[in-house]
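Q: The structure that follows is given in the form of structure tokens.
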């Protein structure tokens, strides 16, 4: 066997090996595509799921690139990345040019994503998830100058964060809802504790939380189609269960499930944000005994202002009274901040480059 024959045989062996590796990657990619499609059709995305899916997709691309730089392969069924990857042009925030706002401050996140945030008039608490940096943490920022004060790594057994609120009613603390636990965060003491009385039920993890500013009530939703619980916070942090409802007794039979629960600031009413069968959102208002007050209403009146983020389009909406309008896009999370002088701010985390949190004065 001459040198040319040996070289050709080796090239054939290399080609076979790389073809085998490519086929393995394609099988993994097919499973990934199937999972992605089912999740999208069932509308089961959380914001932080996007980071994990993006990292997985980038890994596929790197493996394909490593193979192709060694050998150009032909395939009867090539992968069309253009159908899976969308490249967005950088945009300027609508809020920067809004007549509503006149001052802004930027907190750089570098290459990290903030999937949830909440704020007092002094602090911003952000949930940062970065697979590249191996970070799964809560980060506390000073709202006046944007400086990072401290951070707390979260136990992976807690599950991903799926809701965060700030409440003055409960000793000025943050409540952080993870899939398996609810955390109390005291920003003055920089202390994180578990709200031990509340536990998930069977296969239904925690989903959302809200606290009344007028009464000793809190509501917790478990899973999108699980339960809603009413708790007494009178002896906080030792909460007492008042009542539990099955979600199917609250929503319509045709509804997909509950996304979030929120209390009105100035009256004893609960708004439940519901995903309809047509993939549109509906806002139903209830009294504290979960008796329906109004269905298909905007979550506000003349005394209430609300921020709504629509995760499938990454859009930000401002609702005040009976009107609503989109005020920004490329948004992961946002919250309203009202200080003692009733001067308002909006804090927004963005998913486009550069990754950042911005605060705007109203």
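The values are calculated or read from the model by the stated rules, or taken from the named source; none is laboratory data. Please read all numbers here as calculations on a predicted model, not as lab measurements. A quick note on method: Cβ atoms are made from the backbone with ideal geometry, for glycine too, and the neighbour counts reach across all protein chains shown.
Q: For residue 139, only one of the following conditions fails: (1) within 26 Å of residue 261 (Cα to Cα); (2) modelled with pLDDT under 95. What is its number?
A: Status for residue 139: all satisfied but (2).
Q: Here's another thing I want to ask about it. Would you be able to tell me the number of residues in region 188-214 that are touching a residue at least 40 places away in the same chain (Cβ under 8 Å) and within 22 Å of the chain's Cα centre (by Cα)?
A: Residues flagged as touching a residue at least 40 places away in the same chain (Cβ under 8 Å) and within 22 Å of the chain's Cα centre (by Cα) within region 188-214 amount to 11.
Q: Considering only region 148-168, state which residues are more than 17 Å from residue 189 (Cα to Cα) and assigned to a loop (DSSP other than H, G, I, E, B). Explain how you work it out, then say what you get.
A: Of region 148-168, the ones more than 17 Å from residue 189 (Cα to Cα) are 154-165.
Correct list: 154, 155, 159, 160.
A quick yes/no check of all residues on (1) free of Cβ contacts under 8 Å to residues at least 12 places away in the same chain; (2) loosely packed, with under 15 Cβ neighbours inside 10 Å; (3) outside the structural domain of residue 233 (by TED's automatic domain parsing):
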{"site": "134", "(1), (2), (3)": "yes, yes, no"}
{"site": "143", "(1), (2), (3)": "no, no, no"}
{"site": "149", "(1), (2), (3)": "no, yes, no"}
{"site": "171", "(1), (2), (3)": "no, yes, no"}
{"site": "176", "(1), (2), (3)": "no, no, no"}
{"site": "183", "(1), (2), (3)": "no, no, no"}
{"site": "186", "(1), (2), (3)": "no, yes, no"}
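Q: I'd like to check something: does region 134-141 contain any residue that is in contact with a helix residue (DSSP H, G or I) (Cβ under 8 Å, 6 or more places away or on another chain) and either within 21 Å of residue 111 (Cα to Cα) or not in a strand (DSSP E or B) (or both)?
A: For region 134-141, residues in contact with a helix residue (DSSP H, G or I) (Cβ under 8 Å, 6 or more places away or on another chain) and either within 21 Å of residue 111 (Cα to Cα) or not in a strand (DSSP E or B) (or both): present.
Q: Specify the residue that is surrounded by the fewest Cβ atoms within 10 Å (Cβ to Cβ); the eligible residues are those in region 277-296 that are modelled with pLDDT of 90 or more and farther than 22 Å from residue 177 by Cβ.
A: My answer is 291.
Q: Go through the residues of region 246-265 one by one and say whether even a single one is in contact (Cβ under 8 Å) with a residue 40 or more places away in the chain, surrounded by fewer than 18 Cβ atoms within 10 Å (Cβ to Cβ) and more than 23 Å from the chain's Cα centre (by Cα).
A: no
Q: Same structure, new question: Taking residue 283, is it without any contact (Cβ under 8 Å) to a residue 24 or more places away in the chain and in the same structural domain as residue 177 (by TED's automatic domain parsing)? Working first, answer last.
A: On the way: without any contact (Cβ under 8 Å) to a residue 24 or more places away in the chain: yes; in the same structural domain as residue 177 (by TED's automatic domain parsing): yes.
So residue 283 passes the test.
Q: Quick check on region 319-357: of everything there that is more than 18 Å from the chain's Cα centre (by Cα), assigned to a strand (DSSP E or B) and modelled with pLDDT of 80 or more, which residue is surrounded by the fewest Cβ atoms within 10 Å (Cβ to Cβ)?
A: The extreme case among them is 325.
Q: State the number of residues belonging to region 195-215 that are outside any strand (DSSP E or B) and buried (at least 18 other Cβ atoms within 10 Å of the Cβ).
A: Summing the residues that are outside any strand (DSSP E or B) and buried (at least 18 other Cβ atoms within 10 Å of the Cβ) in region 195-215 gives 5.
Q: Pick from region 216-234 the residues that are at pLDDT 95 or above and not in a strand (DSSP E or B): which of them is surrounded by the fewest Cβ atoms within 10 Å (Cβ to Cβ)?
A: Here the answer is 234.
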